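K.L.:
Supplied in structure tokens, the structure appears directly below.
No value in this document is a laboratory result; all are computed from the given coordinates. Values in this document were obtained by computation on a predicted structure and should not be read as measured data. With ideal geometry, Cβ positions are generated from the backbone for all residues, glycine too; neighbour counts draw on all protein chains shown.
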Amino acid sequence: MEAVKVADLQKAFPGPPGTEEVLKSVSFSLEEGSFTALTGISGSGKTTLIHLLAGFLKADAGSISLLGRDIQAMNAKEASIFRRRHVSMIFQEPALLPSLTVEENIVLPIVMDTGRLLDTDRLEQIMDSLLLTEKRRRYPAELSGGEKQRCICARALFSDTELILADEPAARLDTRQALELTGALKECTRTWHRTVLMATHNLDLAQICDRQLELKDGSICFL
Ligand SMILES: Nc1ncnc2c1ncn2[C@@H]1O[C@H](COP(=O)(O)OP(=O)(O)O)[C@@H](O)[C@H]1O
Ligand SMILES: [Mg+2]
């Protein structure tokens with residue numbers, strides 16, 4: 001099954017100097033449970049595409065289907081509810097609450113979603129698989145950049161969203177931590193059957209993924 005299907009997506013930004021056609025015709029699909037790299041030079045439109053997929057931006061033309069739903073037809077509130085249930089985002093800067101521990105940060109979205117019970121066995125399993133068990137009572141300020149990003153991955157796994165969209169999640173990490181984080185994302189697809197799209201300009205990291213899509217001149221080239 002396809003988790004994501006994008007057809008003939010177009011997005012331009014008004015100038016000055018002139019209108020910039022960032023995405024001219026973008027089409028691709030992502031299989032459920034696959035780990036795909038989105039590569040391309042700086043300014044090629046990776047972040048724009050990720051923001052369109054997340055429903056933060058509206059396209060000028062074309063269609064986006066996420067898990068069979070049309071994200072562009074949703075209003076801001078519907079898109080935000082859809083994201084909370086189905087799509088996790090990972091950015092360059094890990095968005096953790098500084099006053100909560102690792103464990104509390106991981107369970108936060110579930111605690112906020114009333115009526116859902118905490119499955120502590122699953123929490124233990126997820127922390128284990130992302131090597132966070134020993135750090136569970138630490139605060140974000142006491143973690144390395146890589147540990148913070150693994151905490152975001154753990155949160156995504158625990159909140160059970162089928163899709164993970166990551167925009168240069170390793171860009172601020174050193175080589176070893178960047179490789180560890182990419183390995184953790186791969187684990188998310190293998191063990192937990194998530195679909196992951198990771199924008200990166202680092203070709204060594206892209207090679208770890210199952211597949212690479214390159215954004216070039218406003219279109220996708222399949223590598
Ligand atoms: N909100 C915006 N308004 C105008 N131009 C934008 C906006 N967002 C992105 N752009 C332009 O779109 C192009 C692609 O940017 P971006 O998607 O951030 O690329 P990448 O993530 O691959 O570096 C850039 O030239 C950038 O200046
Ligand atoms: Mg970017």
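K.L.:
I'd like the antiparallel share, as a percent to the nearest 5, of DSSP beta bridges with both residues in the stretch 2-222.
P.N.:
Working: 19 of 37 bridges.
Here the share of antiparallel DSSP bridges comes out near 50 percent.
K.L.:
Right, next: DSSP loop GluC sites (Glu not before Pro) in the stretch 31-124 with at most 15 other Cβ atoms within 10 Å of their Cβ, which ones?
P.N.:
When the GluC sites (Glu not before Pro) of the stretch 31-124 are filtered for loop state and at most 15 Cβ neighbours within 10 Å, GLU32 remain.
K.L.:
Right, something else. Taking every pair of Cα atoms in the chain, average 1/r, invert it to obtain the Kirkwood radius, and report Rg/Rh to two decimals.
P.N.:
0.97
K.L.:
Modelled label-to-label distance, GLN212 and LEU131, 7 Å Cα→beta-carbon offset: nm?
P.N.:
Label-label distance for GLN212 and LEU131, simple model: 2.4 nm.
K.L.:
As a footprinting exposure proxy, order SER219, SER88 by other Cβ within 10 Å, with the fewest listed first.
P.N.:
The fewest-first ordering by Cβ neighbours comes to SER219, SER88.
K.L.:
Nearest 500 deg cm²/dmol is fine: what mean residue ellipticity at 222 nm does the chain get from its DSSP H runs of n ≥ 4 alone, each adding -39,500 (n - 2.57), divided by its residue count?
P.N.:
Theoretical 222 nm ellipticity from helices: -10000 deg cm²/dmol.
K.L.:
Longer than 31 Å from Cα to Cα, which of LYS24/LYS148; LYS11/LYS135; LYS11/LYS77; LYS58/LYS135; LYS77/LYS216 are they? Say none if no pair is.
P.N.:
Table pairs above 31 Å Cα-Cα are LYS24/LYS148; LYS11/LYS135; LYS58/LYS135; LYS77/LYS216.
K.L.:
Mind checking the full-extension length gain between THR120 and HIS193? Use 0.36 nm per residue of separation minus the Cα-Cα distance, one decimal, nm.
P.N.:
On the way: separation 73, 0.36 × 73 = 26.28 nm, distance 1.97 nm.
Additional length available on full extension: 24.3 nm.
K.L.:
Still on this structure, I have one more. Using the Cα centre as the reference, give the magnitude of the dipole from point charges on the C-beta atoms of the stretch 2-222 (Lys, Arg: +1; Asp, Glu: -1; all else neutral), rounded to the nearest 20 debye.
P.N.:
280
K.L.:
Starting from a Cα-only point model with no solvent, please compute log10 I(q)/I(0) by Debye for the stretch 77-195 at q = 0.14, 0.17, 0.23 1/Å.
P.N.:
-0.53, -0.80, -1.53
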